[in-house]
1. Is it the case, given these coordinates, that N84 is touching a strand residue (DSSP E or B) at 6+ places or on another chain (Cβ under 7 Å) and surrounded by 14 or more Cβ atoms within 10 Å (Cβ to Cβ)?
2. For segment 36-64: of the residues being at pLDDT 95 or above and of a type in the set (D, E, K, R), which is farthest from V112 (Cα to Cα)?
3. What number of residues in segment 70-81 are buried (at least 16 other Cβ atoms within 10 Å of the Cβ) and either closer than 26 Å to G15 by Cα or free of Cβ contacts under 8 Å to residues at least 12 places away in the same chain (or both)?
4. Applying the selection to segment 5-33, what residues are at pLDDT 95 or above, touching a helix residue (DSSP H, G or I) at 6+ places or on another chain (Cβ under 9 Å) and buried (at least 22 other Cβ atoms within 10 Å of the Cβ)?
Amino acid sequence: QVQFVESGGGLVQPGGSLRLSCAASGSIFIIYTMGWYRQAPGKQRELVATITARAWSTNSADSVKGRFPISSDNVEKTLYLQMNSLNPEDTAVYYCNEAPSPRDSWGQGTQVTVSS
C-alpha cells in the first residue's frame with residue numbers, strides 16, 4: 001500500500017511563499033499521474049494541481065494557475081508544490097495523492113494558513 005507523507009506547511013503572510021513536499025513509497029510517480037489536493041474548513045476537497053508520470057506535463061486549477069507550479073523528483077520519490085503569491089483563500093490542509101482518482105488512503109496532510 002502506498003503511503004504519502006506531506007510536509008512544508010505553515011503560517012505565512014499574504015503574498016508570501018511556501019514549498020510543500022510529498023514523499024511516497026514505491027514508484028508511484030513514474031507510473032501514475034499525481035496531484036495536490038486541498039481541503040478548507042467546511043469545504044470539499046479539491047484538486048489544485050497535477051503532474052503526469054515522469055513529469056511530462058502539468059496542469060492546475062484556475063484558482064492557482066500561474067501561482068502554484070507542481071514538480072516531482074522520481075529519484076527522490078518526492079512531489080513538490082511551490083506556492084507563490086499566497087492569499088487567505090489558499091488556507092487549507094494540503095494532501096498529495098494519485099489524480100484525478102485518488103487512492104483510498106491519504107496522508108495526514110500539511111496545514112497552510114495565510115494570514116496577516
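1. On the way: touching a strand residue (DSSP E or B) at 6+ places or on another chain (Cβ under 7 Å): no; surrounded by 14 or more Cβ atoms within 10 Å (Cβ to Cβ): yes.
Considered against the rule, which asks whether it is touching a strand residue (DSSP E or B) at 6+ places or on another chain (Cβ under 7 Å) and surrounded by 14 or more Cβ atoms within 10 Å (Cβ to Cβ), N84 comes out as no.
2. Across segment 36-64, the extreme among qualifying residues is D62.
3. Taking segment 70-81 and keeping what is buried (at least 16 other Cβ atoms within 10 Å of the Cβ), we get 70, 72, 77-81.
Retained after the next criterion (residues that are either closer than 26 Å to G15 by Cα or free of Cβ contacts under 8 Å to residues at least 12 places away in the same chain (or both)): 70, 72, 78-81.
Total meeting the criteria: 6.
4. Correct list: empty.
The values are calculated or read from the model by the stated rules, or taken from the named source; none is laboratory data. Note that the structure is a prediction, hence the values are computed from the model and not measured. Counting neighbours? That spans all protein chains shown, and the Cβs are built from the backbone with ideal geometry, glycine included.
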